[in-house]
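Student: Have a look at the structure that comes next, please.
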Amino acid sequence: MGKGGVFLLVILVVFLAVLGMKVTSKSAPAIDLHGQLKGLGQSTPVEFEVRDPQHRVKSVQLEVRQSGRVFVLPVAGVTAEAPTSWWKFWAKRPESKTSVQTRVGRKEIPDLQEGRATLVITATNDSWGRLFRGGRSEVTLDLPVRFTPPQVQVLSFPHYVNQGGAELVVFKVSAGTAESGVQVGGHFFPSWPVKESLADTRLCLFTYPHNVDASTPARIVARDDAGNETVSNFTYRVFPKKFHTDTIQVTDDFMSRVVPPIMSQTPDLREQGSLLKNFLLINGRLREINAQQLVGFAQKTSPAFLWTKPFVQLGNSKVEAAFADRRTYLYDGQVIDHQDHLGFDLAVTEHIPVVAANDGTVVHAGNLGIYGNAIVLDHGCGLQSLYGHLSSIDVKVGESVKRGQVMGRSGQTGLAAGDHLHFTMLLDGIPVNPVEWWDAHWIHDRIEAKLAAYR
């Protein structure tokens, strides 16, 4: 055999070896479920992701098997990527990935029965594995099937809530309830056990935010681990409030003092080309970002109250601005913005010691955009307090503080026009009127009296 024949033979052997590896490959997509699926109900959300670093995800199938019957459900969201030409079998392609969000239950499968069923997710790629049938992976879950939603029994009365204020409701849920709370418009306020030994008896602090219409219904919502949901009415009364309006004169001196420090500490904000445009970006977009951050801090709340006494206002302080003041901003006589002031501005003298309004745990201590140097204390069950515009901070995240403990000093960082403390109370990240929490009688009537039987 000549050199040319030997070369062709080597090429053929290499080709057959590679082809054999491809045909016998066991490479298959990875299926990652989002969250822990504990059962199937009326219409249970199922979310998962299919990934393959080497091949295209060709198909995804979802089926439910019960009592010898197989129910195949449509799966939307599988990407239809163009396959690589067959003769480029050596070519490496980017990771193939698809996310699937669907629902499985009696609404989707009318013949599904209570008891148990098997959920099967199958994904296949376009490899030459399994003799050109493609690599295949499967996730199988044996799950209970339940259609009866949780039951709710309201235990507390009465419920009076001011617009922008807070209220507490106590209720009992049936066994198997995984999540419960109060829904007000687009806001959901989760519940917590009244005590560790009474997990089915729940307390829920909720609010009618200042910008939610007082006619918006509030309802108790309970869901079980199979996704079944019940919505219950309860008796309450909302008192609408008309909030104060105010006018803020924006000057070049003020913007020159506050805008550059905030922009320098917030690298995600893009320079807008002028001092005024940068101010409007801070007063609008950064304010929204900070509001989202406050909602995020609420995820770190304790499952039990950390306080026992009423909250305290900064001593000898003068109120310079109140909760939910509707502010109109003027520059050179022209209206340039509207924003709501969601807290109290409390002033005494410069660099006054700022104390904790109540016992709690520090969940934030540092820069917080429009609030400048700020502290957020968690008081448990979604209740938190915010201290903004500080000149200095003497506590750190994770530290436990006591009511009246000095945590820092007042200042004029952030969007402060002068030295003062911006203080507000937060409920699951939503600002609420602090006046109620400073009132021992309100706390007794709205909170303590309803929980006395469980202490």
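No lab work stands behind these numbers, since they all come straight from the coordinates. Bear in mind the structure is a predicted one, so any value in this text is a computation, not a measurement. So basically every Cβ, Gly included, is an ideal-geometry build from the backbone, and we count neighbours across all protein chains shown.
Student: Would the chain count as rounded, prolate or oblate if I go by the C-alpha gyration tensor, calling it rounded below 1.5 in a/c and otherwise prolate when a/b exceeds b/c, oblate otherwise?
Tutor: oblate
Student: What percentage of all Cα-Cα pairs in the stretch 152-239 are separated by more than 23 Å?
Tutor: 19
Student: Mean residue ellipticity at 222 nm from the helices of the chain, using -39,500 (n - 2.57) per DSSP H segment of n ≥ 4 over the full residue count, to the nearest 500 deg cm²/dmol?
Tutor: -4000 deg cm²/dmol
Student: Among ASN373, VAL435, LEU119, flag the residue with its Cα farthest along the positive direction of the charge dipole of the chain, charges on Cβ as +1 for Lys/Arg and -1 for Asp/Glu.
Tutor: Of the candidates, LEU119 comes out farthest on the positive side.
Student: Could you tell me which of rounded, prolate or oblate describes the stretch 110-257, using a ≥ b ≥ c as the square roots of the eigenvalues of the alpha-carbon gyration tensor, with rounded for a/c under 1.5 and, failing that, prolate when a/b is larger than b/c and oblate otherwise?
Tutor: Verdict is oblate for the stretch 110-257.
Student: List SER156, SER385, SER99 from most exposed to least, where exposure is judged by having the fewest other Cβ atoms within 10 Å.
Tutor: Ascending Cβ contact count within 10 Å gives the list SER99, SER156, SER385.
Student: What is the set of long-range amide H partners of VAL104 at a cut-off below 5 Å, with H atoms built 1.01 Å from backbone N?
Tutor: Here the answer is THR44, VAL46, since their amide H atoms fall under 5 Å of that of VAL104.
Student: On to the next question. To two decimal places, what compactness ratio does the stretch 190-242 give when its Cα radius of gyration is scaled by 2.2 N^0.38 Å?
Tutor: That ratio works out to 1.40.
Student: State to the nearest 20 debye the size of the charge dipole of the stretch 219-278 about its Cα centre, where the only charges are +1 on K and R beta carbons and -1 on D and E beta carbons.
Tutor: Dipole of the stretch 219-278, to the nearest 20 debye: 360 debye.
Student: Filter the cross-link list LYS172/LYS309; LYS172/LYS450; LYS309/LYS450 down to pairs whose alpha-carbon distance in this structure exceeds 24 Å.
Tutor: Beyond 24 Å between Cα atoms: LYS172/LYS309.
Student: Bin all alpha-carbon pair distances of the stretch 241-332 at 10 Å intervals from 0 and give each bin's fraction as a whole percent.
Tutor: Spelled out per bin, shortest first, that is 11, 30, 34, 19, 5, 0.
Student: Additional query: What aspartates and glutamates does LYS277 reach when the alpha-carbon gap must be under 18 Å and sequence neighbours fewer than 8 apart in one chain are set aside?
Tutor: Within the straight-line limit of under 18 Å, LYS277 reaches these aspartates and glutamates: ASP252, ASP253, ASP268, GLU288, ASP332, ASP337.
Student: Now for a separate question. Taking the Cα centre of the chain as origin, sum charge times position over the Cβ atoms of Lys and Arg (+1) and Asp and Glu (-1), and report the length of that vector in debye to the nearest 20.
Tutor: 1920
Student: Taking only complete DSSP H runs, can you tell me which helices of the chain stretch 24 Å or more along their own long axis by Cα positions and average at least -1.0 on the Kyte-Doolittle scale?
Tutor: Sorted by number, the helices that extend far enough and score high enough are 3-23.
Student: Highest mean first, how do 46-52, 135-141 rank when packing is the count of other Cβ atoms within 10 Å averaged over residues?
Tutor: For the peptides 46-52, 135-141, the packing ranking is 46-52, 135-141.
Student: Further, regarding this structure: Based only on other Cβ atoms within 10 Å, what is the fewest-to-most ordering of CYS204, CYS381?
Tutor: CYS204, CYS381
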